[in-house]
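Student: Quick one: the structure is below, and I'll ask about it shortly.
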Ligand SMILES: Cc1ncc(COP(=O)(O)O)c(C=O)c1O
């Protein structure tokens, strides 16, 4: 008789954002007159920049003519996009990354959940706590995480690296040696970052113990401080221990368009085995390439007009971050993040749990945020607000919170 992959049955509860969605839907059914402001999910709200729209239109027109029509895209991405990424995101920053080390995909969520497939189930993963839930859940589905302890809300075979106010939301090297280390900077959910020197410590450690770092740089466009690395390959020795994931979702508003990429340097090995051909094989077998139209839109991100327009878009969201950060600080909240990331991480007042504060804020201010505990046990007592709303809604939400 057919059997399911029972690792799926081990997943506790529903996905964080579906729980939030259900709570918000119930509240709005009960209170149809209330204007709810959503600063919860990390989805963008600004329209695509004009340079991207022009590229999309141009590519659509090409598809209407047999002479310029495009069918299946190359598995690993079109050369024009891989070259633009290699030059702008890496070589111009002094990083030694070539176009053929870039694998274009439909986004960093898929890549961050799929990448574990090329590693043995025996590998032990280490994650920051709190963490972007996809890293852990994808390993649960694969059967790599052991058993779930509902009391501590942790998996027996996962190494958790707490990131709290005590360590400035930066993980410390784990006591137990991991095989795969997931790092995300600028961080979702805490909005924290680490300096180049701090990241260098991780690279030296990974090279020493033979671990691989999976470095999620989805929010690199939001970095405003000088000493914060945009790519892990800015550090010495990263080519032999790191995979980098990037997304066009947050730097260019592609959450609904879908585009991202993974970088695997040619010399990166697990034991004696090169990982580049493994991921190429995985990509070729299971993925048929991001759409031509979307890859042309991605190319426009690197055009001179695209760069100017997207810088303005990021500045728009970061102005919201400032409104949230300064507004809440002046109201007496303990806040962090929001300087190199579009996320503000606040301590819940009056020792409320994260979910208590969620309910309180929804009910009293009709503002939706994300409970910190949904990202891991060390997120308990914290709450995430995002800067991705409209300016007017952000200002109104903060005014309502200040009035509580
Ligand atoms: C850390 C992190 N990685 C990846 C993603 C997903 O990126 P994409 O839209 O490219 O799938 C998100 C989205 O919120 C994220 O926060």
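Read-outs: derived from the displayed coordinates by stated rules, not from any lab. Remember, it's a predicted structure, so these values are computed and weren't measured experimentally. Counting neighbours? That spans all protein chains shown, and the Cβs are built from the backbone with ideal geometry, glycine included.
Student: Provide Rg and Dmax in Å for region 53-303, with only Cα atoms included in the calculation.
Tutor: So, for region 53-303, Rg and Dmax equal 18.3, 62 Å respectively.
Student: What is the antiparallel percent of DSSP beta bridges lying wholly in the chain, to the nearest 5? All intermediate terms of the calculation are to be shown ahead of the outcome.
Tutor: Details: 22 of 41 bridges.
About 55 percent, rounded to the nearest 5.
Student: While we're here: Rounded to whole Å and ordered largest first, report the semi-axes of the equivalent ellipsoid of region 179-286 derived from its Cα gyration tensor (root of 5λ).
Tutor: Numbers: eigenvalues 103, 82, 19 Å².
Each semi-axis is the square root of five times an eigenvalue, giving 23, 20, 10 Å.
Student: Additional query: With a ≥ b ≥ c taken as the square roots of the eigenvalues of the C-alpha gyration tensor of region 72-188, please select rounded if a/c is under 1.5 and otherwise prolate if a/b is larger than b/c or oblate if it is not? Numbers along the way, then the final one.
Tutor: Numbers: a/c = 2.60, a/b = 1.66, b/c = 1.56.
In terms of gyration-tensor shape, prolate.
Student: Quickly rank 141-149, 183-191 as a protection proxy: mean count of other C-beta atoms within 10 Å, highest first. Could you put the intermediate results ahead of the total?
Tutor: Working: 141-149: 15.9, 183-191: 27.3.
Those peptides, ordered most packed to least, come out 183-191, 141-149.
Student: Just grab the label-to-label distance for residue 209 and residue 224, each label 7 Å out from Cα along the Cβ direction, in nm (one decimal).
Tutor: 3.5
Student: Same structure again: With every atom except the alpha carbons ignored, what do you get for Rg and Dmax of region 49-93, in angstroms?
Tutor: When restricted to Cα atoms, region 49-93 yields Rg and Dmax of 13.1, 39 Å.
Student: Follow-up question, since we're still on this one. Along the Cα-to-C-beta direction of residue 326, a point sits 7 Å from the Cα; which residues of region 338-356 have their amide N less than 16 Å from that point?
Tutor: Answer for region 338-356: 338-340.
Student: Based on other C-beta atoms within 10 Å, arrange 363, 101 from fewest to most. Walk me through the numbers before you get to the answer.
Tutor: Values: 363 12, 101 23.
So the ranking, lowest neighbour count to highest, is 363, 101.
Student: By the gyration tensor of its Cα atoms, with a ≥ b ≥ c the square roots of the eigenvalues, what is the shape of region 1-153: rounded for a/c under 1.5, prolate for a/b over b/c, or oblate?
Tutor: Working: a/c = 1.98, a/b = 1.29, b/c = 1.53.
In terms of gyration-tensor shape, oblate.
Student: Additional query: Output the Kirkwood hydrodynamic radius of region 275-347, Cα pairs only, in Å rounded to one decimal. Intermediate results must be reported in sequence, preceding the final value.
Tutor: Values: mean 1/r = 0.0637 Å⁻¹.
Evaluated over region 275-347, this radius sits at 15.7 Å.
Student: Based on the mean of other Cβ atoms within 10 Å per residue, sort peptides 39-45, 324-330 so the most packed one is first. Present the calculation step by step, with values, prior to reporting the outcome.
Tutor: Working: 39-45: 19.9, 324-330: 18.3.
So the order, starting with the most tightly packed, is 39-45, 324-330.
Student: Here's something else I'd like to know. Given labels modelled 7 Å from the Cα in the Cβ direction, how far is it in nm from residue 356 to residue 392?
Tutor: Calculated label separation equals 3.6 nm.
Student: Another question, then. Evaluate the Debye formula for region 150-221 with equal point scatterers sitting on the alpha carbons, no solvent, and hand back log10 of I(q)/I(0) at q = 0.13 Å⁻¹, in q order, two decimals.
Tutor: -0.40
Student: Which residues in region 315-337 place their backbone N less than 19 Å from a point set 7 Å from the Cα of residue 53 along the Cα-to-Cβ direction?
Tutor: 315-317
Student: Go through 272-283, 251-262 and give me the packing order, highest mean Cβ count within 10 Å leading. Let's see the in-between values first.
Tutor: Working: 272-283: 15.0, 251-262: 20.8.
Top to bottom by mean Cβ count within 10 Å: 251-262, 272-283.
Student: Which whole number of Å³ per residue matches the convex hull of the alpha-carbon atoms in region 260-399? Mind showing how you got there, number by number?
Tutor: Working: hull volume 26.2 nm³, N = 140.
Per residue, the Cα convex hull of region 260-399 comes to 187 Å³.
Student: Using 0.36 nm per residue of separation minus the Cα-Cα distance, give me the extension gain between residue 62 and residue 236 in nm, one decimal. Spell out each step's value before the answer.
Tutor: On the way: separation 174, 0.36 × 174 = 62.64 nm, distance 4.28 nm.
Between residue 62 and residue 236, full extension yields 58.4 nm more.
Student: Rg over Rh of region 312-363, using C-alpha atoms and the Kirkwood radius, what does it come to?
Tutor: Values: Rg = 12.2 Å, Rh = 11.9 Å.
Computed over Cα atoms, the ratio is 1.03.
Student: Now for a different question. Using 0.36 nm per residue of separation minus the Cα-Cα distance, give me the extension gain between residue 311 and residue 41 in nm, one decimal.
Tutor: Details: separation 270, 0.36 × 270 = 97.20 nm, distance 2.19 nm.
So the chain would gain 95.0 nm between residue 311 and residue 41.
Student: For residue 156 and residue 72 in one chain, what is 0.36 nm times their gap in residues minus the Cα-Cα distance, to one decimal in nm? Mind dumping the intermediate values first?
Tutor: Details: separation 84, 0.36 × 84 = 30.24 nm, distance 4.26 nm.
Gain on stretching residue 156 to residue 72: 26.0 nm.
Student: Separate question: Would you list 90, 391 from fewest to most Cβ contacts within 10 Å?
Tutor: Values: 90 22, 391 15.
Sorted ascending by nearby Cβ count, the order is 391, 90.
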